[in-house]
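Worksheet: the structure to be examined is printed underneath.
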Amino acid sequence: NGVYEKGEPRVPGLQVHLNGGRMEIDQRDTSIRIFDLEPYATHFIEFDRNSFDNIAWRIRHSVVSVAIDPNQFRLIEVPISVLGEASGMVYLKGPKGTKGQGRILVDFYRMPEGKLAGKTLTEQDGYFSLLNFPPGKYVACIDSAQLQKIRMQAQPQLIPFEINQSIDGDVIDGLEFILQSTITGSLDMAQPSG
C-alpha cells in the first residue's frame, strides 16, 4: 500500500543516483544517508529500478524531489511493490493439428472491477509472459478486436487466475488458448496482423 507497516521487511540492494552530496550506505539496516547537500535547494534523487536481485521487486516512482533544510536529515521511505507474473501459450488449430501462434494480443483485466491491467503480444512460437501484477484476482483473454479482425474465436474465452502475496512474487503459468477460425469450411488460416 506504499506505507511502511510493522513487520514488513527492508529490501537491500537499492542503488541511488544524485548530483552532489556524499553517500553512506549501511548494509545492516539498508539505509542510505546523503550528506553535504546544498540547503534551501531542491534535489532530485533517482532510484535504479534494476538494482534488486529479484525482478519481481519494483519501485513505483524512480525519481523524487526533496527540498533540503539545513542541518537536518529528511527520511524518505521507498516503497517496493512485489509483482506477479502470468505466462502461457496461444495455439492455432488447423487441419494439420495445432501449433503455436505469434503476434496475438493477450489482455489481462483486474477483477472484479474489470480494469485493464496489461497486455502483451505472443512470441513467434505462441508463448506469452507479463510481469506486472500486484496480488489480486485477474482474467486473461485474447484481444476481442483482434479476434474479430482475423475472424477467429478463442477457447476458452477467459482464463481466471489469482496472484498471491509473496515476498518473491507469484508466478502463474500454463494459461492456454486455442484459436479456431469462425469461417466454416476454411482450410487455410491467414496470418494474424498485430
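What the table shows:
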| item | result |
| --- | --- |
| Selection of GluC sites (Glu not before Pro), region 1-56, meeting DSSP coil and at most 13 other Cβ within 10 Å | 5 |
| Debye intensity ratio in log₁₀ form over the Cα atoms of region 33-81, taken at each q of 0.13, 0.14, 0.18, 0.27 Å⁻¹ | -0.38, -0.43, -0.64, -1.05 |
| Phi to ³J(HN,Hα) by Karplus 6.51 cos²θ - 1.76 cosθ + 1.60 over region 42-55, Hz, x for Gly, Pro | 9, 10, 9, 10, 10, 9, 6, 5, 9, 8, 8, 6, 9, 6 |
| The chain - percent relative contact order, Cα under 8 Å, separation 6 or more | 18 percent |
| Per residue accessible area in Å² of the chain, where ligands, DNA and RNA are left out and the probe is 1.4 Å | 66 Å² |
| Cα pair distances in region 47-122, grouped into 5 Å bins until the bin that holds the longest one, percent each | 3, 10, 13, 13, 14, 13, 10, 7, 6, 4, 3, 2, 1, 1, 0, 0 |
| Spherically averaged projected area of the chain from its Cα convex hull (nm²) | 14.4 nm² |
| Residue-by-residue Karplus 3J(HN,Hα) for region 116-122, coefficients 6.51, -1.76, 1.60, Hz, glycine and proline x | 4, 9, x, 8, 8, 10, 5 |
| Debye, to nearest 20: dipole size of the chain, +1 on Lys, Arg Cβ, -1 on Asp, Glu Cβ | 780 debye |
| Rounded to 5, the percent of DSSP beta bridges in the chain classed as antiparallel | 85 percent |
| Under the Karplus curve 6.51 cos²θ - 1.76 cosθ + 1.60, θ = phi - 60°, whole-Hz ³J(HN,Hα) for region 153-169, x wherever Gly or Pro sits | 10, 10, 10, x, 6, 10, 10, x, 8, 10, 9, 8, 6, 7, 5, 9, x |
| Separation of the residue 96 and residue 167 label points, Cα + 7 Å toward Cβ, nm | 5.1 nm |
| CD proxy at 222 nm, helix term only [per DSSP H run n ≥ 4: -39500 (n - 2.57); per residue of the chain; nearest 500] | -1000 deg cm²/dmol |
| Carbon + sulfur, % of accessible area of the chain - ligands and nucleic acids excluded, 1.4 Å | 49 percent |
| GNM result for the chain, Cα springs below 10 Å: residue of 130, 75, 37 fluctuating most strongly | 75 |
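The values are calculated or read from the model by the stated rules, or taken from the named source; none is laboratory data. Quick caveat: nothing in here was measured; it's all calculated off a predicted structure. We place every Cβ from the backbone using ideal geometry, glycine too, and count neighbours over all the protein chains shown. Accessible surface is based on the protein model in full, side chains and every heavy atom, while ligands, DNA and RNA are left aside. Shrake-Rupley method; radii C 1.70, N 1.55, O 1.52, S 1.80 Å.
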